[in-house]
Amino acid sequence: MKSVRIVSKVLFYLTRTLAISYMLVFVYAFISSSINTQAFRLVENGSRFEISYPFTDTPFLLGYNNMGYINTMLMVFGLYALFFYLLSNVFLTFSQAKLFTQKGLRHLKQFYISNFTLPLLALLIASIISEVEGAAEALVALHILLGVFAYFIAAIFQQGLKLQHEQDLFI
């Protein structure tokens, strides 16, 4: 069980770093595109945009200059920030000394519910505001499949929590 704690701790830090990174990109892209900072430039006769790294002229985000595309891009960054944050909480659960806790079960429930609902909602919103590619539908299906596995793990956790509580009462 010690190796599981070590791996989950490493994955916790990795996914938490990814969550923070996605959130920073979301905030930076939102600010740059909404108030037209110097980092946001229109190129190719205004049909495309570039968002540069902070304090440089080197572009790191490129896209089409229409509101549907920009809003969809921002939605993806925000939702993946949330996804990696919730996933890091799941890994945090597996790194604890006591595995079956109410808090751990809550983290798993948040993760599977968000994987069932948010990708479908995002696909619906994205299809309303812009054209959606087939790859997006496959990505939504993968998130739903991930949600199913998290649901099964949450059911196991709930049973483990119940058995642990009964054992505590018996002793």
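Bear in mind that the values in this text are calculations on the coordinates, not laboratory data. Everything quoted here is computed from the prediction, not taken from an experiment. Reconstructed Cβ throughout: ideal geometry from the backbone, glycine too, with neighbour counts over all protein chains shown.
For the options Phe91, Phe77, Phe60, a Gaussian network treatment of the chain with springs between C-alpha atoms closer than 10 Å singles out Phe60 as fluctuating the most. Summarising the label geometry, the points placed 7 Å from Cα in the beta-carbon direction at Leu161 and Gln102 lie 0.8 nm from one another. Placing +1 on the Cβ of every Lys and Arg and -1 on the Cβ of every Asp and Glu, with no other charges, gives the chain a dipole of roughly 840 debye about its Cα centre.
Every pair of different Cα atoms in region 2-170 enters the Kirkwood calculation, which places the hydrodynamic radius at 18.1 Å.
Compared with the dominant Cα axis of the chain, that is its longest principal axis, helix 134-170 is turned about 20°. For Phe60, the residues whose modelled amide H falls within less than 5 Å of its own, excluding neighbours fewer than 5 places apart on the same chain, are Ile51, Ser52, Tyr53. Between Ile129 and Gln38, the C-beta separation translates, for a Förster distance of 30 Å, into a calculated FRET efficiency of about 0.65. In this structure the amide hydrogen of Arg48, modeled in the peptide plane, comes within under 5 Å of the amide hydrogens of Val43, Asn65, none closer than 5 places in sequence on its chain. Compared with the alpha-carbon gap, the fully stretched path from Lys9 to Asn45 is longer by 8.1 nm at 0.36 nm per residue. Note that region 91-104 has calculated 3J(HN,Hα) couplings of 5, 4, 4, 6, 9, 7, 5, 9, 6, 8, 10, 5, 5, x Hz, one per residue in order, obtained from phi through the Karplus relation 6.51 cos²θ - 1.76 cosθ + 1.60 (θ = phi - 60°); glycine and proline are x. Phi angles of region 4-10 translate, via the Karplus equation with coefficients 6.51, -1.76, 1.60 and θ = phi - 60°, into HN-Hα couplings of 5, 5, 5, 4, 5, 5, 4 Hz per residue; Gly and Pro are given as x.
In order along region 73-82, phi translates into HN-Hα couplings of 4, 5, 4, 5, 4, x, 5, 6, 4, 5 Hz, rounded to whole numbers, per the Karplus curve 6.51 cos²θ - 1.76 cosθ + 1.60 with θ = phi - 60° and x for Gly and Pro.
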